[in-house]
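Take a look at the structure set out below.
Rule-based calculations on the coordinates, nothing more; no lab input. Just so we're clear, the structure is a prediction, and the values are computed from it rather than from any experiment. Cβ placement follows ideal geometry from the backbone for every residue including glycine, while neighbour counts extend to all protein chains displayed.
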Amino acid sequence: VVNAQPGDVILWVNSDLAEHAVNGASWDSGLLALGESYKARVMDKGTFAYADGQNSLLIGTIVVADAETPGGSDEAQPVYLPLIRK
């Protein structure tokens, strides 16, 4: 689970030799090779699921909610691919 505030940037980085993709309701990274990345800014509050476009069993969740300090961050929060879920 990635926790974010409205306006935050999420950064996915492929750290695997195999190609991966990030697919969500509002974004599609296309195929990412080793070392390539994809950024998305989250604006709406809520819980958003995403999956690896190459393997639908690799999934993740972004929870966007207000924090105690208002305002988002331009510093990207990294998520490394392939996604690992316990």
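Worth pointing out:
- Between amide H atoms placed 1.01 Å from N, distances below 5 Å from residue 58 occur with 52, all of them 5 or more places distant or on a separate chain.
- Packing, taken as the mean count of other beta carbons within 10 Å per residue, orders the peptides 42-48, 2-8, 27-33 from highest to lowest as 2-8, 27-33, 42-48.
- Extension gain, residue 45 back to residue 26 (0.36 nm per residue minus Cα-Cα distance, nm): 5.5 nm
- Amide H contacts of residue 2 (H built 1.01 Å from N, in plane; Pro and chain starts excluded): 61, 62, 63 sit under 5 Å, all sequence-distant by 5 or more or on other chains.
- Modelled FRET efficiency - R0 25 Å, residue 15 with residue 61, Cβ distances, 0.05 increments: 0.80
- Backbone phi angles across the stretch 2-10, fed through the Karplus curve with coefficients 6.51, -1.76 and 1.60 (θ = phi - 60°), yield HN-Hα couplings of 9, 9, 8, 10, x, x, 5, 10, 9 Hz in residue order; Gly and Pro are listed as x.
- Table column - 3J(HN,Hα) (Hz), the stretch 47-62, Karplus curve with 6.51, -1.76, 1.60, x for Gly and Pro: 10, 10, 8, 9, 9, 6, x, 8, 8, 5, 7, 8, 10, x, 9, 10
- Ordering 10, 59 from the fewest to the most neighbouring beta carbons within 10 Å gives 59, 10.
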